[in-house]
Structures are given as structure tokens and as C-alpha cells.
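Read-outs throughout are calculated quantities, based only on the coordinates presented, and are distinct from any laboratory measurement. Quick caveat: nothing in here was measured; it's all calculated off a predicted structure. Every residue, glycine among them, receives a Cβ derived from its backbone with ideal geometry; neighbour counts consider all protein chains shown.
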């Protein structure tokens, strides 16, 4: 145990994991209540296109992925609002095209190696000091913004039209939310991997929903479930040398399904 | 008395299709108005335009002398009850949490509702006869109780005009009568102007002061008893009043008899 905590790369993983789980905990609450899990899954898969652009151009893959995912998120919002195509369909198109672009660029670039595997499934060993700085620089202000506008997001989640009548600029808030969502996905990639990152956006919120009596408590439970899954998952990953993303998601799923089944029997 | 609402030559188009055409009426402050008409007749479009959620293609709307866009930016003017089915019945909140949402704007940017806001919220729950529900989960209340809590939420913002979209959906007939009665009481006690959309012309006429019969254009506006005129009904529903109540069944009976 102590040995785990004393290794510098695990310390980095835990720090990044905690920052990520707090932000995704808040986001997850709204994803679950607003039934946006497909948006989360779509943007997280689209992020692969951004990572590949980074590989191909030699830019930092995470920074490229942040910029790319934010553009995709805004694209989904714009097509959804213009009508004609449903948001569901536009997500389906954006994410498959992004993945295709990613695969094409990865095939063309010469760096096709374990690095890519790390982005897909998570790799604690790959977390650099620069990644930690990036995670902090991005997650702290975005988490703060979400907390600043918590009241507004509560009202929008309850009813969008009512929020508008209450003077809230709903469209601006929705765009901010999508940007926060895209950012939280990308900073989670190092730890959980592109394939599984969407789970962190859905399972903690769903677990919290089982216990929460109000929105604030739902956010608290969601962050707690996320943080516990990340920490416990990282321990298991280190101990048994299994990809961290898989361990984190399986832990998260366990703390969702166990109380759910107990609730059913009770 | 000043005018609460002035609608002049209002035409609204949704996706290029005219949903409302040349609507004109005025409403004095403190009046309870029922807006009735068939589905697709533009009832919800009218209130959405009054609230400032939709822009008119032509004509104008003034709410207490102001443009709808500017009323959105101010507190203490509008209280709104959206259609009930739009709200997640399992929303994780207690009744008090919901009513406090009505105080968010008054609490201000970056601030959570404080002690005064709580008192106001409890007071509104009491007005609605729902104070014992305050710690109850929203998901565990009946449709009628949820509706009382929602109105308490709207009242918590101290509005001058209350706008309700089909508020009686999900409430049984006995509950509906109580509900309209309650609204009537609020109107008198707080000098509220109330706009209520309903598809149920039969039951609202005995509670409202004025009625607007809407089917793309305004076919009648005035005393509710005047709306029960055959000509008005035909323009709204295309059939006589008798057929309105049991229209589907009678149509089938009629056809069966002919065969």
C-alpha cells in the first residue's frame, strides 16, 4: 500500500485522477438528469480524431484533442439547434467521422506504437509532469465555472423554458456545459482511455441518483463515487497490472450495481 | 387600472408556417384570462410569445407596457408554469428545493437563497396549502401536489402575471375544480393577472373573467359565457357544441347507424 503511494508516477496518477473525478462528478450529475449520455459517448470517441491530429502534426495530443473536442461539441450544438437533423444523428455522424479521421491519420503517421494504446485504454506510466500541469490548468477553472453557475444549471435541468423565463441565458449556459464536457473528457483520457471515458460521465451520476434526495447531494455522491472508483481502480491496476481504465470502470460499475440490486430486493 | 397585456396585430410563424394570425386584444391588470382552442390552434405559441420566448413575425406585444424581451431581463414580472409533462417526474428535489428555485433570481449572481428566501418559499407553500409537503420528495407527490408546489415556485418570485400552460393535465376532475378555485383565490388575494391555457373549455368558463378562443386567429375574446355560442364553437372546432363534448363517439355512432 505505502509502496504504491510513494512511487512518483502513482502520485501523479492519483492527483490527476482526483481532479478528473471531481469535474466529471459534477458533469455526470447533469448528463444523467438531462439524458445526455450519448453526447458524452459521442464527444469522447470524437476526441480520438484530436489525439491523432496531435500525433500526425507533432503537437501535444491532449492539447490537440481539447481544441478538436470543443469544436466537435460546438458543432453538435449548432446542428442540433438549426433543426432538420436531430442531435442524435449529428452526434452519430460527428463521432464516426472523427474516428475515421483519427484512424487515417494514425495509419499515415510513423508513431504508430504503444503510445496510441495508452490513449485508447489509459496508461498511468505515461502521465508526465506537463500532463499534470495541463490537467490542473484546465480542470480547476472549469470546475470553478460549473460551481459558479450551479444554480443556473439546476434550473435549466429542471426546465429549460422556465430557466429562460427566469432570465437565464440558456443557450450560452448550454454551450459552456458542452465545452466543460469536452474538456473533462480529454483530461480523463490519460487515466481512463478514450474507449472508456464515457463511463466516468454516466456511472457516477447514475450511482448518485440511487441515493440522492436533492441536487446538491447528488453532486456530492457523484463526485464521491467517481473519486472512489478512480482511486480503487488505480490500486487494482497497479497491483495486477491491468489497464487502469478497465479497473476504474469495473469499480464504478460495482458500486452502481451492488446498491441497485440491494434496493430491488429491499 | 392599467393594461397588463396589449396584443396588437400579432402574427407568429413557426418554421415558416403561420401559427397565429393578426391577434388583437387587451387585458386589464388583475384579470383571470382563459385561453382555449383546439390542439395546434396556437395557444402555447401565444403564451410563448407573451413570455418573450418567441419573436413575432409582425405586430406587437406589451406586458405592463414593456416588450417581452425586456420583461425576461427583470424579476417580479412573470411567473411561469410550463407544461407539466416537460418536467422529469423523478427530479431529485424536495418541495422546498423546487420552491426555492423561484427565489434564485432574487438571490442574485453567485449567491444561494438565504434565510429570507426560505421564509418566502415556505410562505408560498402555505398559500398553496402545501406546507406539510415541504420535505417530501417531488417524485413521491401526486400530480395535483406537484402542481401546487410548482405554483408556489412561480409565486415565490413575486410575479405580477402568472402564466400557466395546461395546468390541469394529470389532475383528476375533482382536483381540477379545487385547483381552479385556488387560482381564483390567488387572483383576488394578490391582484394577480392570470393567463391560463386550457383545452377544456367546459370547466374553465365558470372560473375565468375573460376568455380568448384561439384557432390560428382569435375567434372570440370577452365574457366567458359569450364563448359558448354555437358560431364561436364552430369556428374553433368545426362542429357544434353538442358534438364537441362527445365528438369522436358520436361520429362513430353516426357512421355505424348509416351502414
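General observations
- Measuring between their Cα centroids, the stretch B:131-185 and the stretch A:27-41 lie 29 Å from each other.
- Per-residue average of Cβ from other chains inside 10 Å of A:143-154: 2
- Subtracting the Cα-Cα distance of residue A:129 and residue A:15 from their residue separation scaled by 0.36 nm leaves 39.9 nm.
- Shielding by partners - mean other protein chain Cβ count within 10 Å, residues of B:52-60: 1
- The stretch B:52-127 versus the stretch A:156-199: alpha-carbon centroid distance in Å: 23
- Shape category assigned to the stretch A:49-154 from the gyration tensor of Cα positions, a/c cut at 1.5: oblate
- Two-site label geometry, residue A:74 and residue B:14: point separation in nm, points 7 Å out along Cα→Cβ: 3.0
- Distance from the stretch A:61-90 to the stretch A:219-266 (C-alpha centre basis), Å: 29
- Helix-derived mean residue ellipticity, 222 nm - over chain B, DSSP H n ≥ 4, -39500 (n - 2.57), to 500: -11500 deg cm²/dmol
- Shape class of the stretch B:37-143 from the alpha-carbon gyration tensor: oblate, with a/c at 1.5 or above and b/c at least as large as a/b.
- Within 10 Å of each Cβ in B:85-98, the average number of Cβ atoms from other chains: 4
- Springs between Cα atoms under 10 Å define the GNM used for chain B, and in it the highest mean-square fluctuation of B:152, B:227, B:73 occurs at B:73.
- Overall form of the stretch A:108-266 per C-alpha gyration tensor (a/c, 1.5; a/b vs b/c): oblate
- Considering only alpha-carbon pairs that sit under 8 angstrom and 6 or more positions apart, the relative contact order computed for the stretch A:51-132 is 31 percent.
- Here the Gaussian network model covers chain A, with springs between Cα atoms less than 10 Å apart; of A:131, A:159, A:88, A:159 fluctuates the most.
- Residues considered: A:48, A:211, A:256. Largest GNM mean-square fluctuation over chain A, using C-alpha springs under 10 Å, is found at A:211.
- Helix B:241-258 and the longest principal axis of the Cα set of chain B meet at an angle near 50°.
- Chain B: angle of helix B:143-155 to the longest principal axis, Cα-based, in degrees nearest 10: 60
- The angle between the Cα long axis of helix B:115-127 and the main principal axis of chain B comes to about 40°, on a 0 to 90 degree scale.
- Full extension of the segment from residue B:83 to residue B:6, taken as 0.36 nm per residue of separation minus the current Cα-Cα distance, would add 25.3 nm.
- Per-pair calculated FRET efficiency, R0 = 30 Å: residue B:199 and residue B:231 via Cβ, rounded to 0.05: 0.90
- Note: relative contact order over chain B, using C-alpha pairs below 8 Å and six or more positions apart, is 25 percent.
- When you count the other C-beta atoms within 10 angstrom of each residue and take the mean per peptide, A:21-33, B:25-37 line up highest first as A:21-33, B:25-37.
- Contact order relative to length of chain A, as percent, for alpha carbon pairs under 8 angstrom and 6 or more apart: 31
- Only beta bridges with both residues in the protein assembly as shown are counted; by DSSP, about 55 percent of them are antiparallel.
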